[in-house]
Amino acid sequence: MSKKPKLSFWQIWNLSFGFLGVQFGFALQNANASRILTSLGADPHNLSFFWLVAPIMGLIVQPVVGAASDKTWTKMGRRSPYIFFGALVSMVAMFFMPNAPLIMKAGGAGALAFGVIMLALMDGSFNVTFQPFRALVADMTPDEQRNLGYSVQSFLINVGAVIGSALPFILTAGGIANEAEAGKVAPSVIWSFYIGGSLLLLSVLVTVLKTKEHPPKEFEAYNNITEEDKAQKESFWKLLFNMPKTMQQLSLVQLFSWFPLFLMWVYSTTAISQHYFGVPLDFNAEHETNMDIRRAFDEAGNWVGMCFAMYSLVAALFSIIMPKLIKLTSRKTVYSLSLFLGGLGYLSTYVFTNHYMLLVSMVGIGVAWAGILAMPYAILSGSLPAKRMGIYMGLFNLTVVVPQILSGVFGGPILRNFFGGQGIFILVFAGVVMLIGAFMVFFVKDQGEAVNVQEAMVEGETIPE
């Protein structure tokens with residue numbers, strides 16, 4: 001088996017640079033979709049049901065794209081066509097979603113329905129782009145650069161998320177109006193989506209144009225794929241039920257990681273507007289006539305963006321030091337610690353009385369986000385066969401979307417029936433769930449780390465106890 005050539009730092013950087021723009025768009029969606037849907041008339045207590053379209057699209061798209069990209073080869077490469085065309089559709093959906101009241105001139109339920117359709121299209125195309133990016137790092141990097149590859153990807157993801165999350169706040173400070181008429185979306189949000197969609201496509205073009213994927217023969221040689229291997233056909237269900245043990249163990253951790261993340265994305269605007277800005281529990285933006293309350297809701301929406309920018313900034317910085325922490329301890333230790341600090345971050349949102357202090361909460365959540373973006377994929381890639389990397393990465397992304405679907409189905413009823421509509425308690429609940437996830441990490445077997453230890457022993461490196 002030929003050994004994959006080592007990549008320079010800038011080759012690794014270009015490999016994932018497009019993820020900066022994709023996450024820019026994803027961060028805008030996360031921070032503003034609830035605000036947009038509420039502005040279009042959605043009941044804040046039912047937001048999780050509207051958000052369900054996003055993970056359902058991921059459930060459908062990612063395994064299909066993973067399997068297809070494994071078998072694809074074009075002049076653009078194996079993964080690049082999916083990355084490019086997914087980004088193109090994402091940009092179009094981002095332009096349309098906040099303009100739903102303008103496109104559906106009647107407004108009301110029609111505008112809300114159009115907004116939900118655009119959310120589905122936007123998230124579905126994000127997923128078309130996400131999965132090949134994950135597989136691309138595994139395709140191109142040798143084993144000893146895998147941790148660095150996913151850490152750089154995590155860094156770029158979070159740089160994009162910082163800018164995307166903070167953009168409405170920045171545009172408001174620059175003079176763009178932040179107040180919306182009843183049934184419409186604030187101009188600061190609309191312009192943010194224009195900018196985000198454009199930068200998404202431009203950054204993806206950097207990866208597509210700067211990365212030369214290994215041609216089929218080279219790829220097969222690097223990964224010891226024989227003609228017999230290529231002739232083997234395995235059904236989706238056979239692959240699903242015969243997934244590696246490490247993948248099964250990580251799936252449980254993913255459940256306790258993504259379930260609380262989805263709750264945060266859906267209900268942060270509700271929680272922060274109620275708990276810190278005095279917005280009443282029965283607020284409905286479409287029918288609210290009190291301008292002071294509407295103004296408070298829009299201010300809370302901007303502050304949610306700043307909080308999300310803060311956790312993304314922390315995640316970007318933590319991504320830089322993660323490889324060093326892994327060398328000092330282990331991937332599992334860093335992964336568990338990050339989820340533990342994230343759980344504490346969620347719990348602290350209830351304790352503070354000043355919304356500026358929420359930035360402290362976001363430090364813990366940011367560390368968790370960095371770990372969630374990098375550690376499962378770094379651990380998993382060492383246990384997957386190269387010839388099935390794309391489809392297994394696609395299958396693994398079911399462990400991202402299924403917890404979100406569960407969160408979407410049960411989040412609304414939990415908010416209404418257990419917490420009396422008070423969104424802040426959803427964030428506390430999310431913290432408890434993530435703390436359980438931190439504990440579950442220690443039941444994961446990291447096969448790749450064992451291989452790295454053996455290689456380091458041969459080379460005479462010091463192995464951490």
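Going by the conditions given, is residue 165 within 18 Å of the chain's Cα centre (by Cα) and either farther than 30 Å from residue 382 by Cα or acidic (Asp, Glu) (or both)? Against the criterion (within 18 Å of the chain's Cα centre (by Cα) and either farther than 30 Å from residue 382 by Cα or acidic (Asp, Glu) (or both)), residue 165 qualifies. A count restricted to segment 36-79 and to residues that are in contact with an Asp or Glu (Cβ under 6 Å, 6 or more places away or on another chain) and closer than 30 Å to residue 412 by Cα stands at 3.
Selection of first residues in segment 72-94 that are without any contact (Cβ under 8 Å) to a residue 24 or more places away in the chain and of second residues that are in a loop (DSSP other than H, G, I, E, B), restricted to Cβ pairs under 9 Å at least 6 apart or on distinct chains, gives the following pairs, ordered by first then second residue: 72/78; 72/79; 81/72. Screening residue 198 on (1) of a type in the set (Ser, Thr, Tyr); (2) surrounded by fewer than 18 Cβ atoms within 10 Å (Cβ to Cβ); (3) in contact with a Leu (Cβ under 6 Å, 6 or more places away or on another chain) shows it passes everything except condition (3). Residue 44 fulfils the conditions (1) in contact with a Ser or Thr (Cβ under 6 Å, 6 or more places away or on another chain); (2) at pLDDT 85 or above except for a single criterion, (2).
Only residues that are in contact (Cβ under 8 Å) with a residue 40 or more places away in the chain and farther than 15 Å from residue 281 by Cβ: list them for segment 411-432, please.
411, 427, 428, 429, 430, 431, 432
Selection within segment 421-434: residues that are over 19 Å from residue 30 (Cβ atoms) and modelled with pLDDT of 90 or more. The member of this set that is surrounded by the most Cβ atoms within 10 Å (Cβ to Cβ) is 425. Of the candidates 109, 113, the single residue that is more than 28 Å from residue 68 (Cα to Cα), free of Cβ contacts under 8 Å to residues at least 12 places away in the same chain, of a type in the set (A, V, I, L, M) and part of a helix (DSSP H, G or I) is 113. If the condition is being aromatic (Phe, Trp, Tyr) and surrounded by fewer than 19 Cβ atoms within 10 Å (Cβ to Cβ), then segment 14-52 contributes only 49. Taken together, 171, 200, 167 contain a single residue that is free of Cβ contacts under 8 Å to residues at least 60 places away in the same chain and either touching a Ser or Thr at 6+ places or on another chain (Cβ under 9 Å) or outside any helix (DSSP H, G or I) (or both), which is 171. You will find that of 378, 374, 456, the residue that is buried (at least 16 other Cβ atoms within 10 Å of the Cβ), more than 29 Å from residue 52 (Cβ to Cβ) and at pLDDT below 90 is 378 and no other.
Every residue, every condition in (1) under 14 Å from the mean Cα position of the chain (by Cα); (2) of a type outside the set (D, E, K, R); (3) in a loop (DSSP other than H, G, I, E, B), yes or no:
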{"position": "7", "(1), (2), (3)": "no, yes, yes"}
{"position": "13", "(1), (2), (3)": "no, yes, no"}
{"position": "23", "(1), (2), (3)": "yes, yes, no"}
{"position": "37", "(1), (2), (3)": "no, yes, no"}
{"position": "46", "(1), (2), (3)": "no, yes, no"}
{"position": "55", "(1), (2), (3)": "yes, yes, no"}
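Each residue in segment 161-186 was checked for being small (Gly, Ala, Ser), farther than 16 Å from residue 304 by Cα and surrounded by 17 or more Cβ atoms within 10 Å (Cβ to Cβ), and 2 pass.
The values are calculated or read from the model by the stated rules, or taken from the named source; none is laboratory data. Keep in mind the model is a prediction, meaning the values are calculated, not measured. Counting neighbours? That spans all protein chains shown, and the Cβs are built from the backbone with ideal geometry, glycine included.
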